[in-house]
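To start, I am sharing the structure in question, which I have written as structure tokens.
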Amino acid sequence: MNNFCVASDIDDTILHTGVVSILKWKVIYNSIFSIQKNRIPLEGSADFYHKLHRGVSGNNANPIFYVSHVWNLYRYLELFLTK
């Protein structure tokens, strides 16, 4: 059962990207050189999104849509989210 759906950005909500860094060098480095298995999610984000997905009752299956302008990194993000 779905009560609602969630639309969420990826940059600095579930994955630390450095998008807010002054010169954006962290974004470039993280996007090009970081291996997905070494990336660390923001603390508490996995639990938070699991709770959103399950809803108040804990039995829901609310869909979550991740939005980002980096569509060409889909496989990378898929592997990260699976981990």
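The values are calculated or read from the model by the stated rules, or taken from the named source; none is laboratory data. As the structure is a computational prediction, the values presented were derived from the model and not from experiment. Cβ: placed from backbone, ideal geometry, glycine included. Neighbour counts: every protein chain shown. Each accessible area value is taken on the protein alone, full model and side chains, heavy atoms only, with ligands, DNA and RNA left out. Shrake-Rupley method; radii C 1.70, N 1.55, O 1.52, S 1.80 Å.
From (1) at pLDDT 90 or above; (2) in a loop (DSSP other than H, G, I, E, B), pick out the condition that doesn't hold for A7.
Exception for A7: condition (2).
Ok, one more. So N2 passes all but one of these: (1) in a loop (DSSP other than H, G, I, E, B); (2) at pLDDT below 75. Which condition number does it fail?
(2)
Sticking with this one: Scanning segment 38-58 for residues that are of a type in the set (K, R) and more than 17 Å from D11 (Cα to Cα), which turns out most open to solvent (accessible area, probe 1.4 Å)?
K51
Here's a follow-up. Is one or more of the residues making up segment 23-30 at pLDDT 80 or above, exposed (fewer than 13 other Cβ atoms within 10 Å of the Cβ) and not acidic (D, E)?
Checking segment 23-30: not a single residue is at pLDDT 80 or above, exposed (fewer than 13 other Cβ atoms within 10 Å of the Cβ) and not acidic (D, E).
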